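> Structure incoming, see below.
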Amino acid sequence: MCDQTFVAVTFGPCESCGLASPLMNIYVKTDPLNYCSFCVEVMACKGLQRGETLTSLKNESESLKKKLEEERVKLNDVELHQVAEKIEVLGALSLKTRRVLKGHSNKVLCMDWCKDRRRIVSSSQDGKLIVWDAFTLNKEHGVSLPCTWVMACAYAPSGCAVACGGLDNKCSVIPLSLDSNENLAAKKKSVAMHTNYLSGCTFTNSDMQLLTSSGDGTCALWDVESGQLLQSFHGHTADVLSLDLAPSETGNTFVSGGSDKKSNVWDMRSGQNVQSFESHESDVNCVKYYPSGDAFASASDDSTCRFYDLRADREVAVYQKDSIIFGASTVDFSLSGRLLFAGYNDYTINVWDVLKGTRVSCLFGHENRISRVRVSPDGTALCSASWDNTLRIWA
Amino acid sequence: MIFKFPPNCFFFSPSVSVLLLVPSSSLLLQIEDIVTLIQDEAEGVPIRTVKSFMTKIPSVVTGSDIVQWLMKNLAIEDPAEAMHIGSLIAAQGYFFPISDHVLSLKDDGTFYRFQAPYFWPSNCWEPENTDYAIYLCKRTMQNKTRLELADYEAENLARLQRAFARKWEFIYMQAEAQVKIDRKKDKTERKILDSQERAFWDVHRPVPGCVNTTEMDIRKCRRMKNPHRVKKSVYGVTEEGTQSQSPIHTPSHHCRKGTKEDVEKEIVFLNTQLDRHCMKMSKVADSLISYTEQFMEYDPFVTAMEPSNPWTSDDPSLWDLETSKEPSQQRVKKWGFSLDEALKDPAGQDLFLKFLESEFSSENLRFWLAVQDLKRMPQQDVAQRAQDIWTEFLAEGAPSSINLDSHSYERTSQNLKDPGRYSYEDAQDHIYKLMKSDSYARFLRSNIYQDLLMARKKGKSLTGKRLTGLMQSS
């Protein structure tokens with residue numbers, strides 16, 4: 001059969017194969033179809049299957065979503081904050097800045113605690129990574145990286161290495177030497193390779209595996225020693241902005257949040273997306289598990305933070321206020337899960353009572369956006385990183 | 001004080017001509033709703049002309065009026081909070097103090113004016129340095145004290161003159177043209193427009209030390225929608241050959257449109273979710289509450305620490321204690337909350353192992369630990385280790401033989417044909433459940449655990465040495 005020429009009305013991704021090409025706009029029964037000429041031929045050869053056009057599939061998907069929502073609503077017999085009325089109100093929280101870590105010359109974008117509860121690694125738009133003993137304010141290591149905007153950094157569980165990455169689309173591991181004169185940048189080893197910026201990284205309970213999230217819409221699990229890709233996670237339809245590993249000893253899951261407004265829970269072993277939550281009205285900037293691993297919180301550009309329970313498979317609380325109109329960029333729980341610390345683009349950190357849904361405190365001090373908040377491993381302090389070039393320790 | 005600007009300046013450099021765009025549009029829409037309402041004749045603040053010292057100040061409102069309005073309309077209790085959010089809205093460029101370049105809100109009689117919608121950030125302004133040069137040049141041409149350049153502006157002008165030396169004549173001409181246009185306007189109107197124009201530049205070329213609110217998170221830049229793909233000039237200046245697209249505004253790559261395959265996958269996913277057995281909210285709430293309440297005594301933000309929190313007292317004794325060999329009674333108590341908690345703590349894991357050894361049933365825990373280790377190994381060591389585990393725990397005549405039901409055993413032996421880090425998932429899960437329901441419960445009742453749990457309660461008679469001895473001998 002010779003190639004037929006036709007008048008292409010539209011150009012774009014084919015609804016069948018997804019490739020961008022001139023599209024034929026035809027109708028099957030009353031459903032419009034926009035297929036490339038190849039797929040139209042394939043369809044014609046196969047004969048039209050039981051109305052399985054994109055539109056009818058979309059309709060099926062919509063009706064399933066409605067059914068799912070109905071099913072979930074049936075289990076919604078009470079709100080969390082209502083049940084929480086019976087518990088005592090928290091005493092006044094008097095959190096103060098105990099340390100200010102100065103040393104970066106541009107926005108601090110990320111930080112992570114070491115398991116020893118006092119060391120911190122931070123990364124900045126100035127291309128530098130600094131390892132601090134936050135207790136003494138001593139800068140123990142400084143690494144200059146070739147790219148600016150180092151958006152993610154993580155401390156290895158052993159405390160002997162750090163991982164970082166950003167606009168270079170990579171995640172590299174740097175072993176921390178005891179010799180302060182050694183040039184750490186030279187020992188940097190590229191482990192993860194993405195096709196867009198690296199937004200988040202974390203070690204998975206050992207120095208040997210690294211979990212990453214990227215602006216290319218995927219997450220991935222890597223073998224540090226060989227740089228081999230062990231598993232990739234596809235499902236987000238836009239940039240993945242954050243991830244967090246489940247805290248349980250028996251856990252094999254992690255949660256990710258993206259610009260597609262979704263938070264997805266993944267099984268690390270199979271690469272499958274096991275649960276998905278979509279109730280934010282804008283980008284999900286950060287996700288963090290509740291300490292038991294049965295729930296997680298998220299922060300979004302829609303100026304709210306939300307709390308989702310995995311067993312109920314739904315959102316169970318929203319933390320918002322009329323006076324909070326700037327996006328929330330980061331969240332973390334206190335050790336018991338009673339408090340949620342959230343950093344915002346209005347330079348403040350709001351502390352929420354997770355169960356009652358009320359705001360307990362508001363921490364002022366930073367002079368620009370908060371990029372990251374993290375509670376220390378033993379829960380004794382909160383560290384915040386900001387676009388004002390500093391980090392603060394609150395306790 | 002909430003808002004302090006640091007003494008050391010961020011220097012404005014004329015070579016940095018690409019300033020990243022404004023923050024996300026939903027935020028601006030929200031701010032604009034507030035700003036529109038606040039200027040409403042009925043619902044808003046009193047904007048009026050104030051007579052002062054032989055002159056009239058048109059269209060102003062006091063800072064405290066704005067603060068009061070924000071408190072009432074945004075349900076804010078603390079005036080400090082209202083000042084903070086007001087300052088942020090000012091810093092974004094929606095209103096400004098008429099006698100200051102620094103955009104912040106004060107709760108007093110300071111006069112503020114609202115910005116003209118023409119200059120609103122939502123119009124996606126990215127003013128070029130040529131525009132800024134024209135503006136500063138124009139200011140020097142007008143002989144009015146209120147329009148005199150501030151020090152930093154004079155410095156900026158000098159730098160721009162050096163940078164644009166070759167086209168300064170062009171800039172000068174444009175400035176002259178602007179001055180002519182301005183002269184034609186009504187005096188009062190001019191006062192207002194001049195201040196609004198100055199406020200616009202205070203946003204896009206802020207005072208050194210002030211936050212530049214036009215800076216954006218680079219991760220969000222790609223998806224910014226700018227209807228004006230071409231850079232537009234504040235003064236309508238079109239330069240030769242500079243009608244190029246802003247480098248930031250590359251065709252945004254939107255969310256991938258759903259293909260048939262995507263929707264089919266979604267349908268499979270949704271069906272799986274429908275089959276999922278979910279818990280009722282009341283049960284979930286009870287579970288969350290009881291978990292949190294159980295751990296609140298361990299949460300330093302909620303319960304005072306003993307010894308003190310190192311960060312508040314500068315005394316690291318708490319940490320020294322925790323790393324020492326003797327676990328506190330509180331810590332030992334935590335091991336009784338769940339098997340997970342006991343295994344999470346190396347000391348708890350040790351004690352549980354010792355207990356199992358005393359019962360000659362430690363192979364289960366040792367298997368579980370070996371599999372945890374397997375999952376954390378470098379890829380190249382995995383296959384061998386998996387084999388080693390089989391030999392030690394599952395093979396015929398294995399030295400530490402564990403009990404698996406035939407089903408799990410079959411499945412595991414199949415997995416071992418292609419050994420990987422998840423070959424023992426099934427078996428590990430089975431063994432964990434066994435330990436949880438059987439050995440763990442006995443462990444909690446055992447002398448070895450109970451002695452340690454009760455020890456501190458008996459008072460300070462037991463020294464550290466004796467406690468360690470207890471742990472070693474049991």
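Read-outs: derived from the displayed coordinates by stated rules, not from any lab. Only a predicted model underlies this, so the values are computations on that prediction, with no experimental measurement involved. Cβ placement follows ideal geometry from the backbone for every residue including glycine, while neighbour counts extend to all protein chains displayed.
> What does the charge count near residue B:380 come to, summing +1 for each Lys or Arg and -1 for each Asp or Glu among other residues with Cβ under 13 Å from its Cβ? Don't jump to the answer; show the numbers that get you there.
Values: positive: B:385, B:421; negative: A:223, A:225, B:381.
Cβ neighbours under 13 Å give a net charge of -1.
> Quick check: net charge around residue B:448, other residues with Cβ under 12 Å of its Cβ, Lys/Arg +1 and Asp/Glu -1? It would help to have the intermediate numbers written out before the result.
Working: positive: B:354, B:442, B:445; negative: B:350, B:357, B:359, B:451.
Around residue B:448, the surrounding residues sum to -1.
> Something else about it: Region B:21-118: which chymotrypsin sites (Phe, Trp or Tyr not before Pro) are DSSP loop and have at most 16 other beta-carbon atoms within 10 angstrom?
Details: sites: B:53, B:69, B:94, B:95, B:111, B:112, B:114, B:118; in loops: B:53, B:94.
Those satisfying the criteria are B:53.
> Along Cα→Cβ, 7 Å out, is where each label goes; now give me the distance between the ones at residue B:433 and residue A:60 in nm to one decimal.
Roughly 3.3 nm, to one decimal.
> For the protein assembly as shown, with the dipole built from +1 on Lys and Arg beta-carbon atoms and -1 on Asp and Glu ones, taken about the Cα centre, which of A:250, B:450, B:26 lies farthest toward the positive end?
Farthest towards the positive end: B:26.
> Report, as an integer, the average count of C-beta atoms from other chains found within 10 Å of each Cβ along B:87-99. Please list the in-between numbers first.
Working: counts 2, 6, 2, 0, 0, 1, 0, 0, 0, 0, 0, 0, 0.
Taking all residues of B:87-99 together, the mean is 1.
> Gap in Å between the Cα centre of region A:321-395 and the Cα centre of region A:75-106?
Each part's Cα centre sits 8 Å from the other's.
> Let me ask something additional. In nm, to one decimal, how far is the modelled label at residue A:102 from the one at residue B:376, with both set 7 Å along Cα→Cβ?
Those two pseudo-labels are separated by 4.0 nm.
> For residue B:118 and residue A:25, what is the calculated FRET efficiency with R₀ set at 25 Å and r taken between the beta-carbons, to the nearest 0.05?
Numbers: r = 41 Å, r/R0 = 1.65.
Calculated value: 0.05.
> Could I have the simple spin-label model distance between residue A:137 and residue B:283, label points 7 Å from Cα toward Cβ, reported in nm to one decimal?
Each label point lies 7 Å from its Cα, and together they span 5.3 nm.
> Still on this structure, please answer the following. Note the full-extension length gain between residue B:450 and residue B:235 as 0.36 nm times their separation in residues minus their Cα-Cα distance, in nm to one decimal. The partial results should precede the final answer.
Details: separation 215, 0.36 × 215 = 77.40 nm, distance 8.15 nm.
Gain on extension, residue B:450 to residue B:235, equals 69.3 nm.
> Further question on the same structure: Sticking to Cα atoms, compute the Rg of region B:25-223 to one decimal and its Dmax as the biggest Cα-Cα distance, whole number, in Å.
17.8, 56
> Taking the Cβ of residue B:110 as the center, what net charge do the other residues with Cβ under 14 Å away carry, scoring Lys and Arg +1 and Asp and Glu -1?
Values: positive: B:106, B:113; negative: B:65, B:100, B:107, B:108.
That sum, taken over residues with Cβ under 14 Å, equals -2.
> Fewest Cβ neighbours within 10 Å first, please rank B:55, A:380 accordingly.
On the way: B:55 9, A:380 23.
The order, fewest Cβ neighbours first, is B:55, A:380.
> Among A:291, A:136, A:172, whose Cα sits farthest toward the positive end of the charge dipole of chain A (+1 at Cβ of Lys/Arg, -1 at Cβ of Asp/Glu, about the Cα centre)?
A:136
> Right, here's the next one. Under the √(5λ) rule applied to the eigenvalues of the Cα gyration tensor, what semi-axes describe the equivalent ellipsoid of the protein assembly as shown? Give them in Å, descending. All intermediate terms of the calculation are to be shown ahead of the outcome.
Details: eigenvalues 556, 266, 140 Å².
Listed largest to smallest, the semi-axes of the protein assembly as shown are 53, 36, 26 Å.
> What does the highest-first list of A:116-126, B:343-353 look like by mean Cβ count within 10 Å?
Details: A:116-126: 23.5, B:343-353: 17.4.
Ranking the peptides A:116-126, B:343-353 by packing returns A:116-126, B:343-353.
> May I pose another question? On a straight-distance basis, which lysines could pair with residue B:51 in a cross-link, Cα separation under 16 angstrom, same-chain partners fewer than 8 positions away excluded?
Leaving aside lysines fewer than 8 places away in the same chain, those within reach of residue B:51 are B:187, B:191.
> Can you give the extra length, in nm with one decimal, that the chain gains between residue B:75 and residue B:154 once fully stretched, where that is 0.36 nm per residue apart less the Cα-Cα distance? Don't skip to the answer; put the middle values down first.
On the way: separation 79, 0.36 × 79 = 28.44 nm, distance 4.25 nm.
Here the answer is 24.2 nm.
> Sort B:320, B:451 by Cβ crowding within 10 Å, fewest neighbours at the top.
Working: B:320 11, B:451 15.
If I rank by nearby Cβ atoms, fewest first, I get B:320, B:451.
> Report, in debye and to the nearest 20, how large the dipole of region B:120-238 comes out about its Cα centre when Lys and Arg carry +1 and Asp and Glu carry -1 on their Cβ. Write out the running numbers ahead of the final one.
On the way: 25 positive and 17 negative charges, 93 e Å.
In debye, rounded to 20, region B:120-238 gives about 440.
> Quick check on the exposure proxy: order A:307, B:164 from fewest to most C-beta atoms within 10 angstrom.
Values: A:307 24, B:164 16.
Least crowded to most crowded, the residues run B:164, A:307.
> Still on this structure, please answer the following. Taking the Cβ-Cβ separation of residue B:290 and residue B:359 as r and a Förster radius of 25 Å, what is the calculated FRET efficiency to the nearest 0.05?
Values: r = 31 Å, r/R0 = 1.23.
That gives a FRET efficiency of 0.25.
> So, with +1 on the Cβ of K and R and -1 on the Cβ of D and E, and no other charges, what is the size of the charge dipole of chain A about its Cα centre, to the nearest 20 debye? Can you show the working numbers first?
Numbers: 40 positive and 47 negative charges, 188 e Å.
Computed about the Cα centre, the dipole is about 900 debye.
> Rounded if a/c is under 1.5, else prolate if a/b is larger than b/c, else oblate: which is region A:82-394, with a ≥ b ≥ c the root eigenvalues of its Cα gyration tensor? Mind dumping the intermediate values first?
Numbers: a/c = 1.65, a/b = 1.20, b/c = 1.38.
Oblate, because a/c is 1.5 or more while a/b does not exceed b/c.
> Here's a follow-up. Using the alpha carbons of region A:211-351, what is the convex hull volume per residue in cubic angstrom, as a whole number? The partial results should precede the final answer.
Numbers: hull volume 16.1 nm³, N = 141.
In region A:211-351, the Cα hull volume divided by residue count equals 114 Å³.
> Nearest 10 degrees is fine. How inclined is helix A:54-74 to the longest principal axis of chain A, computing both from alpha carbons?
That helix lies at roughly 50 degrees to the long axis.
> Please name whichever of A:215, B:88, A:386 sits farthest to the positive end of the charge dipole of the protein assembly as shown, dipole taken about the Cα centre and charges placed at Cβ: Lys and Arg +1, Asp and Glu -1.
B:88
> Report the residues of region B:109-150 in range of a label on residue B:172: point 7 Å along Cα→C-beta, backbone N strictly under 13 Å from it.
B:137-138, B:141
> Taking the Cα centre of each part, how many Å lie between region B:403-440 and region A:194-256?
Their Cα centres are 26 Å away from one another.
> A further question follows. Between residue B:142 and residue B:54, what is 0.36 nm times their sequence separation minus the Cα-Cα distance? Round to one decimal in nm.
On the way: separation 88, 0.36 × 88 = 31.68 nm, distance 2.10 nm.
Gain in length upon complete extension: 29.6 nm.
> In debye to the nearest 20, how big a dipole does the protein assembly as shown give about its Cα centre with +1 on each Lys and Arg Cβ and -1 on each Asp and Glu Cβ? Can you show the working numbers first?
Values: 102 positive and 113 negative charges, 367 e Å.
Its charge dipole is roughly 1760 debye.
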